[in-house]
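Here the structure comes first, spelled out in structure tokens, and everything after it is commentary.
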Amino acid sequence: MARTTIIQSNLTVGELSPDMWARIDNEMYYAGVAKAQNVVIMPHGGLRRRPGLTKAADSLLSGDGKLFAFEFSTIQDYVIHLAPGEFSVYRDGALQVTVTDGVPYLTVEECKEVDVIQSGDIMVLTHPDYAPRLIQRQGDHDLWNMIVMPLYNIPTYNYNQTPYLYVNDGTTTDVVTVLVGESVFNDAGDKHIYTAKVVRTGIDLTTEDFSNTTNWTDAGLGEEPVWSDSRGWPAVCTFFQARLWLAGSPSNPNSIWSSKINGFFDFDTGTGQDDYGIFDTLDTEQYNRITNLFPGRNLMVFTTGSEFYQTASLVTPSTSSWKRSTGYGSKRIRPTMVDGAVLFVDRIGRTVRSAVYVFQEDAYHSPSISVPSEHLIRDVVSMDSVKGTNIDVSDFVYIINSDGTMAVLNTLRNQGTEGWTEWTTWEGSVDGGFRDVVAVNNIVWFMCERQGEFHLEYMNEGTTTDHNTFGQGEAPETFNVTHNGDNVVHNGENVIFTDYGTGVPITEAPVNQSTVMAAQTYKLILDKSIMDDVQGSTTTITLPRPSYDIEVGLDVELLVTTMPMNVPAQDGATRNDRKRVIRAMLNMRDSLGVFANANYAPDRKFTVALDETPTPYTGLKEIYLLGHNRETQLEIYQENPLPFKILGLGYEIEIGDN
């Protein structure tokens with residue numbers, strides 16, 4: 001039996017689809033893993049435990065709904081939770097106010113269908129069944145309102161499709177002769193179109209009695225506002241080049257309108273002057289209901305069947321032109337820009353595509369970026385991104401599935417990093433999981449369902465549990481023991497002394513959980529040591545000992561499983577041969593409590609005092625294993641939410657007979 005050693009120093013591809021387990025010809029096979037649950041890809045090549053989720057000070061939400069951000073300035077930002085009949089404003093996780101006046105959305109489905117865009121202190125909300133709304137901050141954190149957005153000079157459209165030769169505009173005396181079958185649009189009156197039954201010679205349209213059924217047939221409404229309660233309202237919105245753009249109303253699903261420049265509420269198209277409004281329609285050979293607008297390099301329009309972009313560098317009524325780039329279709333999930341590309345979810349909700357401008361072709365390409373990990377994308381319901389964190393330089397995209405799981409993309413294009421992992425939250429929850437995500441000034445907020453309740457939580461580096469409460473006391477002073485001005489040394493190390501009288505420890509944890517969540521069992525971490533599990537509380541939890549660093553939260557299950565091993569050999573690939581991992585070498589950094597194939601990698605040595613907090617380990621951990629099989633995978637996990645960072649893997653493998 002032959003023995004060989006292989007090294008896997010790159011894990012940046014993340015979790016690969018089971019359909020790729022036979023692709024030993026693909027270089028991604030050797031930089032990916034079969035399972036990457038609740039870990040973050042590091043651009044340097046390794047994996048680390050994902051951050052925990054800290055519950056907001058007022059975490060319990062009124063119910064399901066939609067989260068969005070209101071960023072008034074770099075130091076004043078808010079999370080808004082829109083729910084049936086109300087919206088609530090949170091600042092730093094604390095509830096500021098709940099507003100019910102003027103909120104028309106009555107169901108969770110309606111709330112989730114709302115599109116939101118903000119420019120300065122103006123936040124616009126659109127929904128196809130309701131007139132657009134504005135959310136306004138009234139000068140203080142707890143003073144907010146929602147009003148109907150004023151709309152001036154709404155464009156009109158002839159839904160009647162009856163042609164007419166004459167218009168009664170009511171402003172001039174217009175004497176005309178109308179022949180039998182010719183029509184007049186009564187614009188100054190009831191907005192109906194009337195068709196002549198008899199010849200009307202030399203009549204004044206401003207004084208004509210169109211209600212006379214002997215002379216006229218009422219053909220119904222003619223030109224009428226494109227938006228109304230009967231015709232519906234714009235479904236999506238955005239700001240671009242100092243204009244407010246609206247699109248996708250029920251009666252004009254493939255039409256786009258813009259306001260006048262710097263006149264966000266005035267949609268007067270006038271006679272086509274450069275600063276006036278625009279009314280365009282995407283004329284294609286197929287039905288293309290507009291699902292999203294996005295202000296990228298160009299103004300981009302996403303529809304159910306194709307993707308379009310505005311070709312004019314400076315958009316005016318005379319220069320406006322739309323070009324179809326690709327034909328994949330988009331789901332009603334707002335796109336996001338990451339690493340120079342616009343990411344959108346296709347109309348089925350199973351693929352994430354990256355719209356990238358290709359200079360050589362003067363067009364956008366939209367390749368799928370989720371194919372290698374397509375099993376992680378399942379009926380997307382929400383998406384947002386963050387451009388790096390306080391410890392990561394990569395961009396992250398958070399994609400929430402309807403089943404409560406979340407696919408996380410880590411991308412840093414110039415370093416060749418683009419990989420997916422899967423995040424879950426608290427396996428013990430009934431009908432729970434991630435439900436919505438929004439990034440506010442690089443803080444990522446989640447709406448999580450837990451035991452039928454909905455909670456507001458934020459991603460918190462330095463914690464390892466979910467729905468957690470953490471706290472830090474004032475650590476005591478520690479200094480070297482000296483004698484005659486020199487440090488006292490014992491066995492080659494300085495002798496230190498800790499003056500516990502100078503510290504302020506924590507004796508109680510103010511968890512303040514809801515009644516439902518107080519009935520659950522939580523992990524307790526004191527000074528980085530795992531303690532016995534504790535019962536939740538609606539007030540405080542008494543700690544078993546005074547501590548200076550505490551965390552109380554729900555467990556997060558970490559799992560990394562390697563791809564089935566393929567070892568190059570003189571007689572060919574060994575992917576399907578019987579093999580045994582004799583020895584696994586884990587290159588760890590600042591890690592504790594790691595297992596590999598049910599074998600524990602010890603954290604302590606005999607020289608370490610057992611009553612001291614173990615120091616996270618950095619270096620190689622060797623684990624000897626038994627047993628032959630053809631898949632030969634290594635399963636790495638932790639039984640407790642402790643620090644975890646793996647930089648690379650090494651294997652000593654014995655290849656057996658087939």
| task | Please get the size of the charge dipole for the chain, origin at its Cα centre, with Cβ charges of +1 on Lys and Arg and -1 on Asp and Glu, quoted in debye to the nearest 20. | result | 1660 debye
| request: Heads up, I need the accessible area for residue 66: 1.4 angstrom probe, whole protein in place, Å², nearest 10. | output: 50 Å²
| request: Answer with one residue from 481, 655, 135: the one whose Cα lies farthest towards the positive end of the charge dipole of the chain, charges on Cβ with Lys, Arg +1 and Asp, Glu -1. | output: 655
| request: Quick one: which residues, 5+ away or cross-chain, put their amide H under 5 Å from the amide H of residue 192? H built at 1.01 Å from N. | output: 186, 222
| task | Give the residue from 445, 51, 616 lying farthest towards the positive end of the charge dipole for the chain; charges sit on Cβ (+1 for Lys and Arg, -1 for Asp and Glu) and the dipole is referred to the Cα centre. | result | 616
| query | What is the gain in length, in nm to one decimal, between residue 635 and residue 177 on full extension, counting 0.36 nm per residue of separation less the C-alpha to C-alpha distance? | reply | 156.0 nm
| Over the alpha carbons of the stretch 275-385, what is the largest minus smallest coordinate on each principal axis, giving the biggest first in Å? | 46, 30, 25
| message | Can you give the FRET efficiency to the nearest 0.05 for residue 578 and residue 620, using r as the Cβ-Cβ distance and R₀ = 35 Å? | response | 0.85
| message | Given the options 220, 252, 262, identify the residue whose Cα lies farthest towards the positive end of the charge dipole of the stretch 218-301 (+1 on Cβ of Lys, Arg; -1 on Cβ of Asp, Glu). | response | 262
| field | Alpha carbon Rg of the stretch 421-554, scaled by the compact-globule rule 2.2 N^0.38 Å | value | 1.39
| field | Viscosity 1.002 mPa s, 20 °C: Kirkwood-radius Stokes-Einstein D of the stretch 1-112 over Cα pairs, µm²/s | value | 117 µm²/s
| said: Over the stretch 334-379, what is the relative contact order in percent, taking alpha-carbon pairs closer than 8 angstrom and at least six residues apart? | reply: 30 percent
| Quick one: if the Förster radius is 22 Å, what FRET efficiency do residue 273 and residue 118 give, using the C-beta to C-beta distance and rounding to 0.05? | 0.20
| Counting only protein chains, not ligands or nucleic acids, how are 530, 7 ordered by accessible area (probe 1.4 Å), most first? | 7, 530
| query | In the chain, what % of DSSP beta bridges are antiparallel (nearest 5)? | reply | 95 percent
| Kirkwood Rh, angstrom, the chain [1 / mean 1/r, Cα pairs] | 29.0 Å
| note | Kirkwood calc, the stretch 218-354, C-alpha pairs only, radius in angstrom 15.5 Å
| request: Give the long-range amide H neighbours of residue 60: residues separated by 5 or more places, or on another chain, with amide H under 5 Å away, using H modelled in the peptide plane at 1.01 Å from N. | output: 456
| said: If I take the Cα coordinates of the stretch 363-423 and project them onto the principal axes, what are the three extents in Å, biggest first? | reply: 34, 32, 19
| field | the stretch 440-508: GluC sites (Glu not before Pro) falling in loop per DSSP and having at most 13 other Cβ within 10 Å | value | 461
| request: With θ set to phi - 60°, apply the Karplus curve 6.51 cos²θ - 1.76 cosθ + 1.60 along the stretch 140-156 and write out the HN-Hα couplings as whole Hz, x wherever there is a Gly or Pro. | output: 9, 5, 10, 10, 9, 8, 10, 10, 5, 5, x, 10, 10, 6, 4, x, 10
| task | Can you figure out the FRET efficiency of residue 100 with residue 158, using R₀ = 30 Å and their beta-carbon distance, to the nearest 0.05? | result | 0.15
| request: Could you pull out the pairs from 528/645; 55/523; 35/645; 112/331; 66/331; 66/260 whose alpha carbons sit more than 21 Å apart here? | output: 66/260
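The values are calculated or read from the model by the stated rules, or taken from the named source; none is laboratory data. No experiment lies behind these values; they were computed from the predicted model shown. In this analysis, Cβ positions are derived from the backbone assuming ideal geometry, glycine residues included, and neighbour counts consider all displayed protein chains. SASA here: full protein model, heavy atoms, side chains in, ligands and nucleic acids out. Shrake-Rupley method; radii C 1.70, N 1.55, O 1.52, S 1.80 Å.
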